[in-house]
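The values are calculated or read from the model by the stated rules, or taken from the named source; none is laboratory data. Just so it is clear, the structure is predicted and the values come from calculations on it, not from any experiment. A quick note on method: Cβ atoms are made from the backbone with ideal geometry, for glycine too, and the neighbour counts reach across all protein chains shown. For the accessible areas, the whole protein counts, side chains as well, though only heavy atoms, and no ligand, DNA or RNA atoms are used. Shrake-Rupley method; radii C 1.70, N 1.55, O 1.52, S 1.80 Å.
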Amino acid sequence: MTEFSFEIIAQDGRGRAGLFHTPHGTLETPLFAPVGTQATVKALTPVQLRELGASLVLANAYHLYLRPGDTQIAQLGGLHKFMDWSGPLLTDSGGYQLFSLAAQREVDADGVTFRSHLDGTPHRITPETAMGIQENLGADIVMTLDECAEPYDREYNRQALERTHAWARRCLEAKTRADQALFGIVQGGIFPDLRRESAEFVASLDTPGIAIGGLSVGETKNEMLATLELLDTALPTDRPRYLMGVGAPGDLLEAIPRGVDLFDSVLPTRLARNDAALTRHGRVNLRWATLADDSGPLDPDCSCYTCTHFSRAYLRHLVVGREMLSATLLSIHNLHLLIDLTQELRQAIIDGRLASTIESLREGLASGERPE
Ligand SMILES: [Zn+2]
């Protein structure tokens with residue numbers, strides 16, 4: 001595991017600025033990773049991703065296993081080559097999709113039997129096959145197979161936790177590639193004792209990073225923050241912590257001072273395809289009629305390609321005309337905003353002014369632009 005190492009270069013309160021070294025480059029944390037579910041961040045080329053500041057990109061093992069197939073991607077030279085992303089890549093194990101997307105799912109101690117949500121064909125995933133799929137794909141950071149339970153069902157969470165832990169151990173045993181960092185996943189719903197038990201177990205696996213799963217899945221904001229606070233003290237500080245699937249601007253402001261290092265979310269690109277922009281002054285819907293003659297940039301505080309080249313009136317024109325370019329330009333802006341926000345918080349940690357930076361960013365987000 002010598003190809004991966006994590007160093008913390010500065011700390012402010014519980015917030016950490018770090019460097020995570022991977023075989024495809026060093027990641028500056030905290031960071032926000034765009035999601036390329038199907039080996040593509042929708043509407044963007046890798047060159048555009050690079051230009052807007054992306055460093056780590058995510059892909060979903062479940063989707064790529066079903067189509068085009070992980071063995072096919074391996075034969076074509078692996079995921080980096082297939083999608084032409086030369087930087088670090090992360091794949092999830094498929095656990096989350098198995099429990100949210102797959103049809104007719106049956107879980108037993110050994111694995112999950114399910115039908116594809118695409119064509120109904122039967123499949124079976126075990127910890128060993130989940131590792132095999134991720135080794136075929138070849139991402140730098142890979143995940144153990146986990147069971148994401150409904151957050152309030154204690155009995156189910158207890159059961160799922162035992163399976164998740166047993167499966168993590170089996171993933172670790174099945175792993176053969178030294179150029180991949182396997183992260184264990186902490187589960188346990190909203191239950192503090194289960195979360196603590198899971199944190200202790202996952203820490204004991206001695207993986208190069210630790211993922212926090214099962215948050216932002218229906219629990220309240222306060223329950224999520226209480227869980228993050230608990231985990232901040234329960235988890236070792238010497239490894240990167242990855243909060244799976246969470247990454248709205250407000251979430252970054254809460255989770256970074258609670259010791260989280262890595263984020264991913266489909267939110268920025270999904271909103272972009274639904275005509276909405278995230279800004280430092282709240283959300284803007286490009287369908288608002290008031291934007292029709294607005295010659296100003298989408299976000300005057302943003303330095304992205306979209307904001308430095310196009311007016312709100314033009315973006316609204318694209319959206320109303322259902323032009324494909326709107327998804328590209330809004331995705332560029334939304335991703336740049338989250339990446340830029342994360343980098344600003346990183347710099348604030350280095351400069352020792354994290355609390356005041358969060359305060360002023362929070363005021364901006366709360367000021368919220370509205371249609372007239
Ligand atoms: Zn912008």
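In table form, for the structure just shown:
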| quantity | calculated |
| --- | --- |
| Between 0 and 90°, nearest 10: helix 221-234 axis offset from the chain longest Cα axis | 50 |
| For segment 183-280, the Rg and Dmax computed from alpha carbons only, in angstrom | 13.9, 45 |
| With all protein chains modelled, accessible area of LYS81 [1.4 Å, Å²] | 140 |
| Mean separation of Cα contacts under 8 Å, 6 or more apart, over the residue count of segment 50-161: relative contact order % | 28 |
| Cα convex hull volume per residue for segment 70-147 (Å³) | 91 |
| Where GLU28, GLU254 fall by accessible area, highest first, once all protein chains stay in place (1.4 Å) | GLU28, GLU254 |
| Potential extension, TYR305-ARG67 segment - 0.36 nm per residue separation minus Cα distance | 82.4 nm |
| Estimated Rh, the chain: Kirkwood, alpha-carbon pairs, angstrom | 21.1 |
| Of all accessible heavy-atom area on segment 117-219, the percent that carbon and sulfur account for (1.4 Å) | 51 |
| Taking the C-alpha atoms of segment 57-193, convex hull volume expressed per residue in Å³ | 107 |
| Sulfur and carbon atoms: percent of accessible area, segment 310-369 [1.4 Å] | 52 |
| Per-bin percent of Cα-Cα distances, segment 123-217 [5 Å] | 2, 15, 26, 24, 17, 11, 4, 1 |
| Sequence of CYS171, CYS148 from largest to smallest accessible area, 1.4 Å probe | CYS148, CYS171 |
| Accessible area per residue in Å² at 1.4 Å probe, computed on the chain | 40 |
| Debye, to nearest 20: dipole size of segment 146-187, +1 on Lys, Arg Cβ, -1 on Asp, Glu Cβ | 220 |
| Nearest-20 debye value, the chain charge dipole, Cβ charges on Lys, Arg, Asp, Glu | 660 |
| Degrees separating the helix 354-367 axis from the principal Cα axis of the chain, which is the longest one | 60 |
| Where N is the number of residues in segment 17-89, Cα Rg divided by 2.2 N^0.38 Å | 1.12 |
| Under-5 Å amide H pairs with ILE212, H placed in peptide plane, nonlocal only | VAL186, TYR242, LEU243, MET244 |
| Amide H contacts under 5 Å for THR144, placed H, 5+ residues apart | PHE183, ILE185 |
| Partnerless cysteines, meaning none of the other Cys C-beta atoms lie under 4.7 Å away, in the chain | CYS148, CYS171, CYS304 |
| ALA366 paired with ARG270, simple spin-label distance in nm, labels 7 Å along Cα-to-beta-carbon | 2.6 |
| C-alpha long axis of helix 127-137 to longest principal axis of the chain, angle in ° | 50 |
| Those lysines that a straight Cα-Cα span of less than 29 Å connects to LYS42, excepting residues fewer than 8 apart in one chain | LYS81, LYS221 |
